[in-house]
């Protein structure tokens, strides 16, 4: 055994040994023969001659009996010094040193080996590498027992084996090292042994290891495999005992009286106590008879045997159920149990099932996939068949299905192509049936969107193909748009010179631009119960549209931009409607009778319009031209003092002259007789009213002017803190728009529309407003409470240029309690004194949970959402209602919602998933509350949805390998419905 001293000596001892050890463990005492190089000396206090004999292992000139050497070295009044790498005894041959009368006698022993050291031959049982050791406090050598004692942060290294403890005994005769802790002044163990062999690590109360046989005995060992912590009573460790492949060997651990747990406490709160176990690190753990212990108390639950996969990577295996529950409607059952499959290198798949004894069942699959620098995504497929029992005892089974998929392409995967999106599809309100959370129950619509985009380097066009889906969870109507293919060009300037050829100013014709777009689209509409039927395919709508436009931009009169444009568009549909007048008179009756029993006749029809659907390829062509003029100007007011230092008003007016031909007298419209009593009254029907791109354009020729004015208001605010100014937008935009049609025979002016919005309190509150002004009067026509426009101006009838017909507004606020405190208290200064740092350090040391002591600090993570939508409409004269050209205010939506978490103590918390109040419905919105208690490695949780009457109580192990240890008690939706569980 070769020993290299790091902290004790720079010299090395070359020992030749012949050793006989126990064939099994090599941990028993052995007989050895040693050969010592004479040039190596050790300095031991209290000894006159420090030379060691060649074979006896005893000091030749020792005044202390050999048997009392350890006793002498451990005397309290005699210090033990670490070996000094520099010899402190002067050499008599060095005449430069002062002679203090000390005579160093020559060594009386003759070395056994006097030849060349290159001919030195090691024993067959010698180690393959040197053993390095060090200690922080002290170390001493026991030549009698062939031991080196290391004290205080001692370390021993042999190849990949590393050992540390406060006390290590290294025996160079038997190649055995013993590590154990020391006790401090309070009697507590310090410096527990820590052992590492490559990737395997242990901590223990005592450890004994043989370097030659690579075997060890460990007392109260603690090791971890993945998230499983193994605490063994007596453990035997064999390094490299199993051949894994041609180049790799695996360690083996045998333990008796061990406990398997995920609890990190020294005395685990739960675990599987096994009589014996065999562990192959990073492979598998096989256990014998095992009993579940909770808080150190055995339970009636026993396992005759078991195994735990310990592979750090992915491996196939059983998925234990999340819930074991009893339902009065469904019976006893298991939820979400199954099997995990790793499919190749990039895909994970979990097949899950749910089963209850009374017939409710479900099956599903969840998975994820990922390829580095390529793509990533996840998916969920689920089908549920739930048993429902009515109060009269009638039993029915309700089916529901969910499909969820999300895909994302890494930007580095392809420079010009991208594919990604998400799908969220369900039938029969599956999400609300399976889950009780506020997000699942209150979600009114689900949407899907998948896109593929492609561009070409150096080319001014791109392609987009997409699939979109929307679904109403209330009406259960599904709309799927597929296919959706769009090809478009960027704005092309065909006459613009290339950059290298540009000389002088830009010519006017270089501003001529061109754009082209085409789009193919299909739409399918149906209910979630009949969507996958032939009826949905028969009602599908398809269309193709292409548009080409050209324009020119140039300045006139220095400050104005003039932009003429021409546009041509074609639209093709696969079906249209034909309308025909049937002049047969009809009588419409109902089941109302007079006092004499005669049937009362309500109405008489003098002809009926009949519609028939025609299929084929039908085209619509549109042409339009226009010219627009726009500019912008500013108005500014400056202030020298005060917080407000300036106001600015930006005005952006635009006037557009447009022309559209007459499309009324062609085959896109049906103009037919509508009533035999009024032959002069004809009706016009759009044959493409249900077209996927909308109906046909307005039939009559249009020559008109449209106008718009955009206004932006800004303020400059002075900041005292840093003596700077900041620009603040008072109103995001206030827009005014309308039009005038020269060709119309009446109602030439359109409605005047005004819209605007702004934000307050550092963008926490947003306000959006819209208004409509009508320059014409309205009369009640029996069909609409807002009346019908007539060709009488308000200026001529009531001396006002226009009347307000509608005013809508939305005010929404999303704020946290922390933001509220910041608004009223102001932001804290960034400079922190040493006193505050000291207080913060003390709080961290004392594990103080809150930095503030006031009540609001508990609610800092709470978010408050407030939404208010209103509408004001002008109601015209209605017979019997008393409403005569008056404005009526209506609240369309008004609600407040609270979400957040209260960390009451370090271990108690309250989660409010959602709770609020609807002021319009005068009802509490769907509340969802939960209470949780951290029990170290366990967690207790209670969740409650009082509107549904559902709740869930569980005590279980935190997520990990043993999270199947869960005791649930719950009431599901159908149980609550049968028992009348709605609390509000």
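For region 284-297, the set of residues classified as within 35 Å of the chain's Cα centre (by Cα) and surrounded by 18 or more Cβ atoms within 10 Å (Cβ to Cβ) consists of 285 only. Of all the residues in region 756-774, those that are modelled with pLDDT of 95 or more and more than 18 Å from residue 871 (Cβ to Cβ) number 0. Against the test of being at positive phi, crowded, with 18+ Cβ neighbours inside 10 Å and modelled with pLDDT of 85 or more, the options 191, 152 yield a single qualifying residue, 191.
Filtering region 376-407 down to residues that are within 21 Å of residue 448 (Cα to Cα) and in contact (Cβ under 8 Å) with a residue 40 or more places away in the chain, which residue is surrounded by the fewest Cβ atoms within 10 Å (Cβ to Cβ)? So the residue we want is 407.
Residues in region 528-576 that are in a loop (DSSP other than H, G, I, E, B) and either closer than 27 Å to residue 490 by Cα or in contact with a strand residue (DSSP E or B) (Cβ under 9 Å, 6 or more places away or on another chain) (or both): 10 in all.
Among the conditions (1) surrounded by 15 or more Cβ atoms within 10 Å (Cβ to Cβ); (2) under 38 Å from the mean Cα position of the chain (by Cα), residue 307 misses just one, which is (1).
Would you confirm whether or not region 294-302 contains a residue that is within 22 Å of residue 966 (Cβ to Cβ), modelled with pLDDT under 90 and in a loop (DSSP other than H, G, I, E, B)? Scanning region 294-302 turns up at least one residue that is within 22 Å of residue 966 (Cβ to Cβ), modelled with pLDDT under 90 and in a loop (DSSP other than H, G, I, E, B).
Filtering 525, 480 for residues that are assigned to a strand (DSSP E or B), surrounded by fewer than 16 Cβ atoms within 10 Å (Cβ to Cβ) and in contact with a strand residue (DSSP E or B) (Cβ under 9 Å, 6 or more places away or on another chain) leaves a single hit, 525. Say whether the condition of being in contact (Cβ under 8 Å) with a residue 40 or more places away in the chain, closer than 29 Å to residue 240 by Cα and in a strand (DSSP E or B) is met by at least one residue in region 282-290. For region 282-290, residues in contact (Cβ under 8 Å) with a residue 40 or more places away in the chain, closer than 29 Å to residue 240 by Cα and in a strand (DSSP E or B): present. Only one of 474, 486, 515, 496 is farther than 21 Å from residue 690 by Cβ, in a loop (DSSP other than H, G, I, E, B) and either out of contact with any helix residue (DSSP H, G or I) (no Cβ under 8 Å at 6 or more places or on another chain) or in contact (Cβ under 8 Å) with a residue 24 or more places away in the chain (or both); which? Only one candidate qualifies: 474. Residue check: residue 251 meets all listed conditions (1) modelled with pLDDT under 85; (2) crowded, with 16+ Cβ neighbours inside 10 Å; (3) in a loop (DSSP other than H, G, I, E, B) but one, namely (3).
Would you check if there is a residue in region 787-794 being closer than 22 Å to residue 890 by Cα, surrounded by fewer than 16 Cβ atoms within 10 Å (Cβ to Cβ) and either at pLDDT below 85 or in contact with a strand residue (DSSP E or B) (Cβ under 6 Å, 6 or more places away or on another chain) (or both)? Yes, that holds for at least one residue.
Being assigned to a strand (DSSP E or B), modelled with pLDDT under 85 and over 38 Å from the mean Cα position of the chain (by Cα) is a property that residue 240 has. Assess whether residue 355 counts as being surrounded by 15 or more Cβ atoms within 10 Å (Cβ to Cβ), more than 30 Å from residue 411 (Cα to Cα) and modelled with pLDDT of 90 or more. For residue 355, the condition - surrounded by 15 or more Cβ atoms within 10 Å (Cβ to Cβ), more than 30 Å from residue 411 (Cα to Cα) and modelled with pLDDT of 90 or more - is met. For region 170-188, a residue qualifies if it is more than 17 Å from residue 203 (Cα to Cα) and surrounded by 16 or more Cβ atoms within 10 Å (Cβ to Cβ), and the qualifying residues are 170, 171, 172, 173, 174, 175, 176. Of all the residues in region 735-772, those that are within 38 Å of the chain's Cα centre (by Cα) and assigned to a strand (DSSP E or B) number 12. Assess whether residue 813 counts as being at pLDDT 65 or above, crowded, with 16+ Cβ neighbours inside 10 Å, within 30 Å of residue 712 (Cα to Cα) and touching a strand residue (DSSP E or B) at 6+ places or on another chain (Cβ under 6 Å). Considered against the rule, which asks whether it is at pLDDT 65 or above, crowded, with 16+ Cβ neighbours inside 10 Å, within 30 Å of residue 712 (Cα to Cα) and touching a strand residue (DSSP E or B) at 6+ places or on another chain (Cβ under 6 Å), residue 813 comes out as yes. Going by the conditions given, is residue 690 closer than 30 Å to residue 522 by Cα, in contact with a strand residue (DSSP E or B) (Cβ under 8 Å, 6 or more places away or on another chain) and surrounded by 14 or more Cβ atoms within 10 Å (Cβ to Cβ)? In short, yes.
Any residue in region 339-347 that is assigned to a strand (DSSP E or B) and closer than 29 Å to residue 478 by Cβ? So far as region 339-347 goes, no, none of its residues is assigned to a strand (DSSP E or B) and closer than 29 Å to residue 478 by Cβ. The residues of region 439-463 that are at negative phi and outside any strand (DSSP E or B), listed by number, are 439, 440, 441, 442, 443, 444, 456, 457, 459, 460.
The values are calculated or read from the model by the stated rules, or taken from the named source; none is laboratory data. Nothing here was measured: the structure is a model prediction, and the numbers come from that model. Ideal geometry is used to build each Cβ from the backbone, glycine not excepted, and the neighbour counts take in all protein chains shown.
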